[in-house]
Amino acid sequence: MNLSIIIPMHNAEQSITAAIASVYQALGDRGFEVIVIDDASTDNSVAVVTALQAHYQELILLKVSDNQGAGHARNVGLEAAQGEYLTFLDADDHYLGTALGDVLQLTQQHDADVSLFSYQVLDSGGNVSERLLARDNEVWQYLRPQCDRICTLTEASASLRLAGFPWNKMIKKSYADSIGLQFSETMVLNDSFVHFQSLLAAQRMLLLNTEVVAHHYEPSTQQLTNVHDIRRISSLVVLDQLASLYQAHPDYVAYLPFLYAFEDDIYTWMFKHTTPEFKDFLAEKYLALKQDRQCNIQHQIKVSNKKILVYGLGWKMMEYLDAMSEHNQIVGFMDSDLLKAGKTVFGYEIFHPLQKHLPEFDLIVICSSFEQEIKNNIQGVSIDKIKSVNDIVVNFII
């Protein structure tokens, strides 16, 4: 059995047939099983899948007695899965052509722990509205140089900033078992924990900039993505689970900024979209979280008495700026955006990497997840003068 495709289902009688059919079209005779877990549907979903079992071999239907959400259903599927590799599909999505089969072949060929791939976003009419969600499109631009070969998380750390969907990954079953892969059992954000868990421990990652899944996103529907009530607020438990994951693995500390960025995303989204009665609660929780970050994380600087040109103006720069400036002299900032050149931040000028006249410096320190791409943009500077911030600042949890 090469692959297990796990599909949680709740009231999906209109879409589940297309989802299942797309699996068989994508994989042909590659040796796979489709595990559908019915999460207490109240429509004809179970009858539809039962009828399909007469036409499709290796189509397994499991049932959950109470509606407990997609995370619980996926965990039931994980326990039953027999494939060498695992992947996930939502009951209202489908695979594109034979792309999934190509991903399986490459994943096996490279013996990857995790493969990441791309998708399309479809509107209510089934038309392609976006090739990727906005930030995912930006992240994939930076990941492309790492595509089609085995890489490490250090080389592809930007992948942690991809949306934490379960269906943009193929995961080796033995690897999943070794890390205790487990979805959160919240109604919303149940897939975010697995996104971090599966990538942080991976030794062999394969990035494939191939569109594999057609994802149906309809902002006007009752998809859980659009939920603004207590179900979304209660999903903050996922952030606690992620914090515990990092605390249990001190070697993940270099990737704490990605957890912080995700936490900021979640609180920002919730605060904008939740109902007024939850805003004070969220504000109090977020301010306490920011305080905990300052208390729990310390920085140890490995260089001193250097003139530093800081490359990057985002959250990673903000995270490390105080540590760098405590024993060194900041002489300016750099950014790839031409429109920022000549402006100032914290009283220092911003330079573009192609500018000929730069302030005197000892080191250019890259404060960005897109390190290799930035190094490619810096010309006329010896490689020993270009460092990642992670080379000169050590994080540790106290």
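The values are calculated or read from the model by the stated rules, or taken from the named source; none is laboratory data. For clarity, every value in this text was computed on a predicted model and none was experimentally measured. Virtual Cβ from ideal backbone geometry, glycine too; neighbours counted across all protein chains shown. Calculation scope for accessible area: heavy atoms of the full protein, side chains included, ligands and nucleic acids excluded. Shrake-Rupley method; radii C 1.70, N 1.55, O 1.52, S 1.80 Å.
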> Given (1) 41, 24, 19; (2) 38, 23, 20; (3) 50, 23, 20 as candidate values of semi-axes √(5λ) of the Cα gyration tensor in Å, which corresponds to the one derived from the coordinates?
Replying inline: (1)
> Nearest 0.05, what FRET efficiency do D111 and Q182 give at R0 = 25 Å with Cβ-Cβ as r?
Replying inline: 0.60
>> Multiplying the sequence separation of V303 and E138 by 0.36 nm and subtracting their Cα-Cα distance, what value in nm do you get?
In response: 56.2 nm
>> Run the simple label-point estimate for Q291 and D66 please: 7 Å along Cα→C-beta, distance reported in nm.
In response: 3.5
>> In Å and on Cα atoms, what radius of gyration and Dmax does the stretch 1-152 show?
In response: 16.1, 47
> With +1 on each Lys and Arg Cβ and -1 on each Asp and Glu Cβ, how big is the dipole of the stretch 296-344 about its Cα centre, in debye rounded to the nearest 20?
Replying inline: 160
> Given 0.36 nm per residue, what is the gain on full extension from T275 to V128 after removing their alpha carbon distance, in nm?
Replying inline: 49.8 nm
>> Counting only helical runs of four or more DSSP H residues, what would the 222 nm mean residue ellipticity of the chain come to if each run contributes -39,500 (n - 2.57) and the total is spread over all its residues?
In response: -10500 deg cm²/dmol
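Based on the Cβ-Cβ distance of E284 and V394, what FRET efficiency does E = 1/(1 + (r/R0)^6) give at R0 = 22 Å, to the nearest 0.05?
Between E284 and V394 the formula returns 0.10.
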> Given a Förster radius of 22 Å and the C-beta distance between A21 and N44 as r, what FRET efficiency does 1/(1 + (r/R0)^6) yield to the nearest 0.05?
Replying inline: 0.85
>> For the stretch 270-321, I need the span (max minus min coordinate) of the C-alpha atoms along each principal axis, in Å, sorted largest to smallest.
In response: 51, 23, 9
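Pull out a ≥ b ≥ c, the square roots of the eigenvalues of the alpha-carbon gyration tensor of the stretch 153-201, then state rounded if a/c is under 1.5, prolate if not and a/b is larger than b/c, and oblate in the remaining case.
Oblate shape, in that a/c is at least 1.5 and b/c is the bigger or equal ratio.
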> Can you pull the percent of the stretch 1-98's accessible area that's carbon plus sulfur, 1.4 Å probe, other chains left in place?
Replying inline: 46
>> Name the residue from Q291, I6, V121 whose Cα lies farthest towards the positive end of the charge dipole of the chain, charges +1 on Cβ of Lys and Arg and -1 on Cβ of Asp and Glu.
In response: Q291
>> Looking at the chain as a GNM with Cα springs under 10 Å, which of L132, L338, L363 has the largest mean-square fluctuation?
In response: L338
>> Give me the one-decimal nm value for the distance between modelled label points at T98 and K340, 7 Å along each residue's Cα-to-Cβ direction.
In response: 4.5
> Under 20 Å Cα-Cα from K290, which lysines qualify once same-chain neighbours fewer than 8 residues away are excluded?
Replying inline: K272, K279, K316
> Which residue, H216, H55, H195, tops the fluctuation ranking in a GNM of the chain built on C-alpha contacts under 10 Å?
Replying inline: H55
